[in-house]
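This report concerns only the one structure given below.
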Amino acid sequence: MRAIQNKAEKANLSMTAFILSATLGREIIIVNGLENYFAELKAIGNNLNQLTTLCNMGKIRALELAEIKTEFGKIVEAVIALKAR
């Protein structure tokens, strides 16, 4: 029982979710280190929402998204590299 609990914790799943996934034959993939990338993606998304709101309000007219695109691209590449491990 403890071995299953350990695997569920490593997969960041509840015992029920882990057992259901295992029982249904679904592959459980554990990728460590994604939390930082998800936090970055959330921050980028929040910034984009704020910029969109300002555009819709007419407070700004032009956006330069090159830096956001570059940073987003870096995060996507990092996630792909983690998946390839």
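The values are calculated or read from the model by the stated rules, or taken from the named source; none is laboratory data. Computed from a predicted model, the values in this text were never measured in an experiment. Cβ coordinates were reconstructed from backbone atoms using ideal geometry, including for glycine residues, and neighbour counts include every protein chain displayed.
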Scan of the stretch 1-34 for residues that are under 23 Å from Leu82 (Cα atoms) and in a helix (DSSP H, G or I), ordered by number: Asn6, Lys7, Ala8, Glu9, Lys10, Phe18, Ser21, Ala22, Leu34
Residue in the stretch 58-66 that is among the charged types (D, E, K, R) and at pLDDT 85 or above present: yes
Scan of the stretch 34-52 for residues that are under 17 Å from Glu77 (Cβ atoms), surrounded by 14 or more Cβ atoms within 10 Å (Cβ to Cβ) and of a type in the set (A, V, I, L, M, F, W, C), ordered by number: Leu34, Leu41, Ile44
Scope the stretch 1-19; condition under 23 Å from the mean Cα position of the chain (by Cα) and aliphatic (A, V, I, L, M); matching residues: Ala8, Ala11, Leu13, Met15, Ala17
Inter-residue pairs, beta-carbon under 8 Å, first under 11 Å from Asn12 (Cβ atoms) and in the stretch 27-39, second of a type in the set (S, T, N, Q), 6+ apart: Ile28/Ser21; Ile30/Asn12
Condition met for Ala39 (out of contact with any Pro (no Cβ under 7 Å at 6 or more places or on another chain), in the same structural domain as Leu82 (by TED's automatic domain parsing) and among the small types (Gly, Ala, Ser)): yes
